[in-house]
Ligand code: PHE
Ligand code: NA
């Protein structure tokens with residue numbers, strides 16, 4: 001096997017991990033799911049999950065990736081002596097599944113980039129979204145988006161990915177920040193902030209009874225599976241992405257501070273997007289929960305139609321969203337490509353193209369009908385993501401176990417107590433929380 005590639009600079013890994021995390025999950029999905037599933041209650045559960053479950057789970061993925069120096073499937077084989085390969089397979093499969101419809105939404109972004117240039121969506125923002133989000137238009141743009149992703153992954157780790165990410169996060173923060181300030185000035189925005197930011201404490205409750213299986217009731221039964229899985233999706237967990245990226249990292253880098261950076265930046269971008277989109281929905285009289293998958297696109301298209309220099313703002317905004325979507329999609333395709341390159345020694349460009357073609361095919365239903373897109377998304381949230389993260393935690397906590405602590409601490413100045421606490425949490429409370437999420441999520445699939 002040839003020498004494995006590594007990040008060119010220390011910042012390469014953290015940039016790529018942030019690039020993977022910050023994407024359509026923050027800008028498109030987070031605002032619309034928040035407004036659909038409980039507003040501020042969703043936000044509270046999401047933030048707790050990101051820190052309390054997402055951070056320890058990300059550390060687990062980083063440890064597995066860096067220790068094994070392998071792709072997400074072979075890593076489990078090597079550290080777990082073969083029997084645990086399925087955790088990797090499940091993660092890679094989940095990533096494949098998600099990329100199929102992620103790419104369709106990426107196609108919408110491409111379309112809105114063009115629409116901002118020509119002003120095509122100004123006259124009828126809702127009608128425009130309806131006409132481009134499903135059907136032949138959506139299919140063609142899905143193909144274009146996946147082709148872009150393939151082209152970047154084919155170029156290899158250093159050139160393709162490191163460069164694209166550097167400007168993205170600062171640009172997103174600046175643009176969303178400016179828009180957020182502008183939205184404050186709009187009449188009718190105030191109730192949007194209340195809905196998004198001030199939780200009604202009575203909604204933060206969950207009760208359980210046993211007869212003999214646990215049965216849950218209370219407002220959180222619906223919020224938990226969506227909000228916790230949103231944290232997994234948004235942090236790129238349970239899909240082998242962080243394992244793969246960490247496999248290119250040296251032992252001298254602190255995994256702990258890197259993961260904290262990713263979690264904080266990622267949540268900040270989501271909250272910022274929420275501060276723009278949710279009040280805008282209120283300004284436009286769109287009831288919480290009725291915006292659906294089009295919430296981001298319709299609300300912003302309307303806003304850009306009213307802003308001075310709306311076309312220019314629209315072009316810049318959707319260009320940045322495109323970069324965010326690409327850097328996330330790249331990490332998903334990289335997971336699978338890296339497995340095939342490691343194991344079959346095949347050439348990168350050929351593998352990436354073949355996989356891209358398969359992902360295109362899997363995404364056809366989502367491109368043709370947004371109801372299919374919703375179904376793909378629901379299955380990922382309510383079943384695949386929590387199951388896959390559970391696998392990672394059980395493997396790291398109970399199978400690999402104690403050696404994970406030394407790997408976690410390598411390159412960091414933290415004491416052993418921090419590592420042991422992490423391992424203990426990952427083995428117990430965090431696993432229980434994911435089990436609860438999975439249990440509640442699976443139930444929403446069957447009611
Ligand atoms: N985290 C990305 C986002 O929020 C999506 C993603 C998921 C990317 C999984 C890679 C792996 O958009
Ligand atoms: Na994200």
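The values are calculated or read from the model by the stated rules, or taken from the named source; none is laboratory data. Bear in mind the structure is a predicted one, so any value in this text is a computation, not a measurement. Because the Cβ atoms are built from the backbone with ideal geometry, glycine has one as well, and the counts that use them run over all protein chains shown.
Of the set (1) surrounded by fewer than 23 Cβ atoms within 10 Å (Cβ to Cβ); (2) within 16 Å of ligand 1 (Cβ to nearest atom); (3) under 23 Å from residue 288 (Cα atoms), all apply to residue 14 but (3). Restricted to the range 302-410, the set of helices (runs of 4 or more DSSP H) holding at least 2 residues that are surrounded by fewer than 16 Cβ atoms within 10 Å (Cβ to Cβ) comprises 310-344, 348-368, 370-379, 403-409. If you check 205, 217 for being surrounded by fewer than 24 Cβ atoms within 10 Å (Cβ to Cβ), more than 30 Å from residue 66 (Cα to Cα) and out of contact with any helix residue (DSSP H, G or I) (no Cβ under 7 Å at 6 or more places or on another chain), only one passes: 217.
In the set (1) more than 18 Å from the chain's Cα centre (by Cα); (2) under 30 Å from residue 28 (Cα atoms), residue 387 fails one condition alone, (1).
Does residue 244 qualify as being more than 29 Å from residue 328 (Cα to Cα), in contact with a helix residue (DSSP H, G or I) (Cβ under 6 Å, 6 or more places away or on another chain), more than 16 Å from ligand 2 (Cβ to nearest atom) and in a helix (DSSP H, G or I)? No, not satisfied.
Taking each residue of the range 235-247 that is touching a residue at least 24 places away in the same chain (Cβ under 8 Å) and within 14 Å of residue 89 (Cα to Cα) and looking for partners that are within 16 Å of ligand 2 (Cβ to nearest atom) and outside any helix (DSSP H, G or I) with beta-carbon atoms closer than 8 Å, six or more apart or interchain, yields nothing.
If the condition is being without any contact (Cβ under 8 Å) to a residue 12 or more places away in the chain and in a loop (DSSP other than H, G, I, E, B), then the range 411-427 contributes only 415.
Within the range 33-44, is even one residue under 14 Å from the mean Cα position of the chain (by Cα) and at pLDDT below 95? Taking every residue of the range 33-44 in turn, at least one turns out to be under 14 Å from the mean Cα position of the chain (by Cα) and at pLDDT below 95.
Of the helices (runs of 4 or more DSSP H) contained entirely in the range 1-96, those carrying at least 3 residues that are away from ligand 2 (no atom under 16 Å from the Cβ) fall at 10-21, 40-49, 55-68, 72-80.
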